[in-house]
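Please read the structure below before turning to the comments.
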């Protein structure tokens, strides 16, 4: 049953794909922070998390509110001044 409370995501980043499992209640902003840390990306850069061409916003919303299925493929896209 605990697995029902988790979601596994494949997140494409500028430095490769991060495969990670998060509680469904994790906020999008925390997923972005985790991906930045684990993939060694510039923490000063601004990133958006994108699913099927849609930016997941606001980032204060939990993953479950976007209806992401287990194994969902997302993209971490740099949107800051460096792009």
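Since every read-out is calculated from the coordinates, none of them should be taken as a lab result. Everything numeric here is computed off the predicted structure, so don't read it as measured data. When we count neighbours, we look across all protein chains shown, and the Cβ atoms used for this are built from the backbone with ideal geometry, even at glycine.
A few notes on this one:
- Label point distance in nm, residue 70-residue 54, each placed 7 Å from Cα along Cα→Cβ: 2.2 nm
- The range 2-78 gives an Rg/Rh value of 0.92, both radii derived from C-alpha positions and Rh following Kirkwood.
- Taking 11, 36 and counting other C-beta atoms within 10 Å, the order from fewest to most: 36, 11
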